[in-house]
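Down below is the structure, laid out as structure tokens.
What follows is calculated from the coordinates using simple rules that are stated; it is not laboratory data. Model, not experiment: these values are computed from the prediction. Quick reminder, even Gly has a Cβ in these numbers, built from the backbone with ideal geometry, and neighbours come from all protein chains shown.
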Amino acid sequence: MSLKVYNSLTRQKEEFKPINPPYVGMYVCGPTVSGESHLGHARPFITFDVLYRYLMHLGYKVRYVRNITDAGHFEEEGREAEDKISNKAVLEKLEPMELVQKYTNLYHWAMSQFNNLPPSIEPTATGHIVEQIEMIKKIIADGYAYEANGSVYFDVEKYNTDFSAKGQPYGILSGRVLEEQIESTRELDNQEEKRNKSDFALWKKAPAEHIMRWQSPWGEGFPGWHIECSAMSTKYLGEEFDIHGGGMDLQFPHHECEIAQSTVCNHKMPARYWLHNNMITINGKKMGKSYGNQIMLSQMFSGNHPLLDQPYAPSTIRFFILQSQYRSTLDFSNDALQGSEKALRRLMEAFEWLQQQDHIGSTGQVDPALDEKVKKLVTEFDVFMNDDLNTAKVIANMFELVPIINSIKDKHIPAGALHTDTVSLLKKQLSVYILNIFALQSSKTDNNNKLEGVLELLINIRKEAKSRKDFLTSDKIRNELSALGVQLKDEKDGGTNYTIQ
RNA sequence: AGUCGCGUGGCCGAGUGGCAAGGCAGAGGUCUGCAAAACCUUUAACGACGGUUCGAAUCCGUCCGUGACGUCCA
């Protein structure tokens, strides 16, 4: 039994075989830190976190590289070479690096809220300008890029002609045919710098007002959109590595261009397996800046957004995402999130109860049918994960186990109905999957605002008791809260404050 | 216009030829001082029309609807 993943490159599920077992190199396109991440961004990071964890569970030694794009991509190639980051920085009157730091911190915070493991290496684009310049020089030397007016462009047509002969045309990943694209690429200003419309920038000359700029053989400028990922993946994972991941919207042009750049430099297809997660939609539409339908992660967590009925805990969102297969679109709705919230709570309560039990299971009065059923459900976890990470089916099986666990708890099923070995297996598999692979947390750990409500409730009860001169009750509340480490303080204005020690 | 994809019960979603997972919501019941939770039972779906097949949600065709890419995008 082995892991199979859907490879976008071959458009089929393939058995996963690392180039150098037990080592696995995985590169995932990270965020552009010119703004806060929204719900849609959460999906690849959670999906590939689960893949990372699962690969380690299978015994692989994984180097997981996920970049931070902190050098600006220009808004629109050829139009007005604007650096996205520096542009906004001017608006906010911040240093570009201050802005980058702010959103990087916010991103890291959200990732930890989701219980995502940090990647092994998290390189920044600005930290790898030298590598990018070296790569561009190499591409020029090989004749697949040309300089024009201080900018450098990749010669897509030449690449396509030469590499089609080698079975690797431009468009191999996305299934596009270059000739058709040339027809459909729209008119842009300043196109005359390029030999062909489909050429993309490797290096862009920086206009005078551009803040982020670096010295290069072609003058002062900044790197193009695609080159950073090629430079950093090559540097840290080698010329050929195992897995390249990202959202489906990056398949073209970003990943296509990465393939072209890296192939010219290293004479190899950079990655064996290209994995793409599908989009999170909202009313059926992709969540994105241009649609104006984004919900930022901090808004998800706080509930502070017109589309949100309530706050949603990070663990709820993580669970919601894992309830679907990563290659399907996933539609956001309050009803769906609320369903996930309740479901997760039910799952975690059953799981946590089970882990505390030491005396269930027997070797005698086992119910063979039930015992077999539990073993089957639990063993299938691995089968489903190996089938292109079908987390949805694993979770479905978990929910077939929940009523069994709860029935044992409520004594509708005798504690000895399962063999002790089955109970151990059940505990172990649930623990491995829930805690280690899916990394779910019970939402009470991140529901402090609800506990605040509980405290307010106690404070009010105490206030009412005091007004009745029922000091027995009021003191009981105060003393017992105090013993728990919550100090109530009566203010002069009649209100009550508290501190948690 | 093109390329790729999708259309499953009230909502979210599994499912690539063999009686349609799971969650949430709904209904009835058990338990409970009352509630909540839990448990049991249960209602309900494959966009349309053709075709291939003993058999199709699943394969093919046409149509309708819808999305992604194409332009910054997870």
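What is the extension gain from A:Met56 to A:Ser302, computed as 0.36 nm multiplied by their sequence separation minus the C-alpha to C-alpha distance, in nm to one decimal?
Full-extension gain reported as 85.3 nm.
At what distance in angstrom do the alpha carbon centres of segment A:103-148 and segment A:283-306 lie from each other?
26
Mean separation of Cα pairs under 8 Å and 6+ residues apart, divided by the residue count of segment A:345-484: what relative contact order is that in percent?
29
Dipole magnitude of chain A about its Cα centre, charges +1 at Lys/Arg Cβ and -1 at Asp/Glu Cβ only, in debye to the nearest 20?
Roughly 1520 debye for chain A.
Could you give me the ³J(HN,Hα) list for segment A:114-124, computed from phi with Karplus coefficients 6.51, -1.76, 1.60 and θ = phi - 60°, whole Hz, x at Gly and Pro?
Result, rounded to whole Hz: 7, 6, 7, 6, x, x, 5, 9, 10, x, 9.
Grab the Cα-Cα distance for A:Asp331 and A:Leu425, subtract it from 0.36 nm times how many residues apart they are, and report the gain in nm with one decimal.
30.4 nm
Could you tell me the calculated FRET efficiency between A:Trp353 and A:Thr473, based on Cβ-Cβ distance and R0 = 30 angstrom, to the nearest 0.05?
0.40
Calculate how steeply helix A:227-237 sits against the longest principal axis of the alpha-carbon atoms of chain A, using the helix alpha-carbon long axis, and give the answer as 0 to 90 degrees to the nearest 10.
Here the helix axis deviates by roughly 60 degrees.
Please find the FRET efficiency linking A:Asp410 to A:Glu372, where r is the Cβ-Cβ separation and R0 is fixed at 22 Å, and quote it to the nearest 0.05.
Efficiency at R0 = 22 Å is approximately 0.50.
Kirkwood Rh over Cα pairs of chain A into Stokes-Einstein at 25 °C, 0.890 mPa s: D in µm²/s?
Rounded to a whole number, D works out at 95 µm²/s.
Taking the Cβ of each residue in A:Val50, A:Val24 as the centre, tally the other Cβ atoms inside 10 Å and list the residues starting with the fewest.
Exposure proxy ranking, most exposed first: A:Val50, A:Val24.
Rounded to whole Hz and in sequence order, give me ³J(HN,Hα) for segment A:198-206 from the Karplus expression 6.51 cos²θ - 1.76 cosθ + 1.60, θ = phi - 60°, writing x for Gly and Pro.
Karplus-based 3J(HN,Hα) across segment A:198-206 equals 7, 5, 10, 7, 9, 8, 10, 5, 8 Hz.
What list of whole percents do you get for P(r) of segment A:335-443, with Cα-Cα distances grouped in 10 Å bins up to the one holding the largest distance?
Here the calculated profile for segment A:335-443 is 14, 49, 30, 7, 0.
Could you please rank A:Tyr144, A:Tyr291, A:Tyr27, placing first whichever residue has the fewest other Cβ atoms within 10 Å of its Cβ?
A:Tyr291, A:Tyr144, A:Tyr27
Only helical DSSP H runs with n ≥ 4 go in: add -39500 (n - 2.57) per run for chain A, normalise by residue count and round the 222 nm mean residue ellipticity to 500 deg cm²/dmol.
One gets -14000 deg cm²/dmol as the mean residue ellipticity at 222 nm.
Points 7 angstrom from Cα along the Cβ direction at A:Leu451 and A:Glu220: gap in nanometres?
5.3
By a straight-distance test (C-alpha under 20 Å), which lysines pair with A:Lys204 as possible cross-link partners, with residues fewer than eight away in the same chain excluded?
A:Lys84, A:Lys88, A:Lys137, A:Lys138, A:Lys194
How far is helix A:448-467 tilted off the main Cα axis of chain A, in degrees rounded to 10, range 0 to 90?
Value to nearest ten degrees: 30.
Using a 10 Å cut-off on Cβ atoms, rank the peptides A:103-111, A:359-367 from the highest mean neighbour count down.
Ranking, from highest mean packing down: A:103-111, A:359-367.
Stretched out fully, how many nm does the piece from A:Asn105 to A:Lys342 gain, at 0.36 nm a residue minus the Cα gap?
82.3 nm
If amide hydrogens are placed 1.01 Å from N in the peptide plane, which non-local residues have theirs closer than 5 Å to the one on A:Asp242?
A:Gly25, A:Arg272
Cross-link partners among lysines for A:Lys489, C-alpha distance below 29 Å, same-chain residues fewer than 8 apart left out?
The qualifying lysines are A:Lys444, A:Lys450, A:Lys463, A:Lys466, A:Lys469, A:Lys476.
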